[in-house]
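As structure tokens, the structure follows; a few thoughts come after it.
The values are calculated or read from the model by the stated rules, or taken from the named source; none is laboratory data. The structure presented is a predicted model; accordingly, all values stated were derived computationally and were not measured. Cβ placement follows ideal geometry from the backbone for every residue including glycine, while neighbour counts extend to all protein chains displayed. The accessibility values were calculated without ligands, DNA or RNA, using every heavy atom of the protein model including side chains. Shrake-Rupley method; radii C 1.70, N 1.55, O 1.52, S 1.80 Å.
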Amino acid sequence: MSSNEIPLVAPEARLETSRLFLEPILPAHASRLNEQLQDERLYRFIPQDPATPQALEDRYDFLSGRRSPDGREAYLNWVVRERTSGDYAGTLEATVHDNPAATIAYMIFVPFQRRGYAAEACARLLEHLFEDYRVGIVAAEIDTRNVASIALVESLGFERVGFQKDADHFKGSSSDEYRYEIKESVWAGKRPRS
């Protein structure tokens, strides 16, 4: 590791919650997740479409390196898995910048939505980022039409700090975005206690 590379904290460790395992993404996950990731409903508020199995495997191969090409950002990506059934329920990601701040994103597969899995997985991710990576702030950028995602981050203590008109254009319409952030001090006062 060069002096410019961001240090990784147990990048291959599985994170756990009461109902979920968060497994670090590997290329082998591509074939296991491909069918769930073909559901068009997952892409309603994001500027991407379902990937081919090979493109997904290539992406996971790249992400399994856990760092950006210049080494200055950590790419932390997990598969969300139910503890009891072993079923794959979604994906979770964080990019840790060297300033130190992080950006998160999440996707819960349609059959597993509305069970609180996104909140549970994101709460564990916030704990990991604030305690292990010592970031001071975590951000999420959300399409203004994505009411469920907005409610999720607000329930975790994120505050809306920005708005970008016409942030993107996809699927035939313009997308405005909110930027949400949560500071470590806010999380420390709000996080669930075990």
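Among the conditions (1) assigned to a strand (DSSP E or B); (2) crowded, with 18+ Cβ neighbours inside 10 Å; (3) under 13 Å from the mean Cα position of the chain (by Cα); (4) of a type in the set (Ser, Thr, Tyr), the only one that Thr95 does not satisfy is (2).
Per-residue answers, yes or no, for (1) closer than 21 Å to Ala74 by Cβ; (2) open to solvent by less than 40 Å² (accessible area, probe 1.4 Å); (3) more than 16 Å from the chain's Cα centre (by Cα); (4) of a type in the set (A, V, I, L, M, F, W, C):
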site: Leu26; (1), (2), (3), (4): yes, no, no, yes
site: Ser31; (1), (2), (3), (4): no, no, yes, no
site: Asn34; (1), (2), (3), (4): no, yes, yes, no
site: Glu40; (1), (2), (3), (4): no, no, yes, no
site: Pro47; (1), (2), (3), (4): no, no, no, no
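Residues being closer than 18 Å to Phe62 by Cα and in a loop (DSSP other than H, G, I, E, B): count how many of those fall in segment 14-35.
Let us first name the residues in segment 14-35 that are closer than 18 Å to Phe62 by Cα, namely 23-34.
With in a loop (DSSP other than H, G, I, E, B) added as a condition, the list becomes 25-28.
Of the residues in that region, 4 qualify.
Whenever a residue of segment 108-121 is aliphatic (A, V, I, L, M), its partners that are part of a helix (DSSP H, G or I), lying with C-beta atoms within less than 6 angstrom and at least six residues away or across chains, give the pairs Ile108/Tyr117; Ile108/Ala118; Val110/Arg41; Ala118/Leu152; Ala119/Leu152.
Could you check segment 140-161 and list, in sequence order, the residues that are in a helix (DSSP H, G or I) and either over 20 Å from Glu16 (Cβ atoms) or within 13 Å of the chain's Cα centre (by Cα) (or both)? Across segment 140-161, the qualifying residues are Val147, Ala148, Ser149, Ile150, Ala151, Leu152, Val153, Glu154, Ser155. Within segment 41-60, being among the polar types (S, T, N, Q) and more than 21 Å from Ala28 (Cα to Cα) holds for one residue alone: Gln48.
Okay, residues lined up against (1) under 28 Å from Arg145 (Cβ atoms); (2) of a type in the set (D, E, K, R); (3) without any contact (Cβ under 8 Å) to a residue 60 or more places away in the chain:
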| residue | (1), (2), (3) |
| --- | --- |
| Leu8 | no, no, no |
| Arg14 | no, yes, yes |
| Thr17 | no, no, no |
| Leu26 | no, no, yes |
| Gln36 | yes, no, no |
| Arg41 | yes, yes, no |
| Leu56 | yes, no, yes |
| Leu63 | yes, no, yes |
| Arg66 | no, yes, yes |
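Is it the case that segment 129-139 has a residue that's among the hydrophobic types (A, V, I, L, M, F, W, C), assigned to a helix (DSSP H, G or I) and either in contact (Cβ under 8 Å) with a residue 24 or more places away in the chain or under 26 Å from Ala13 (Cα atoms) (or both)? Looking for residues that are among the hydrophobic types (A, V, I, L, M, F, W, C), assigned to a helix (DSSP H, G or I) and either in contact (Cβ under 8 Å) with a residue 24 or more places away in the chain or under 26 Å from Ala13 (Cα atoms) (or both), one finds at least one in segment 129-139, hence yes.
Restricting segment 43-86 to residues that are in contact with a helix residue (DSSP H, G or I) (Cβ under 7 Å, 6 or more places away or on another chain) and not in a loop (DSSP other than H, G, I, E, B), the residue that is farthest from Asn99 (Cα to Cα) is Pro53. For segment 162-187, a residue qualifies if it is open to solvent by 30 Å² or more (accessible area, probe 1.4 Å) and not in a strand (DSSP E or B), and the qualifying residues are Lys171, Gly172, Glu184, Ser185, Val186.
In the set Gly86, Gly116, Gly71, Gly90, which member is at pLDDT below 95 and at positive phi?
On the way: Gly86 fails: at pLDDT below 95; Gly116 fails: at pLDDT below 95; Gly90 fails: at pLDDT below 95.
Within the list Gly86, Gly116, Gly71, Gly90, the selection yields Gly71.
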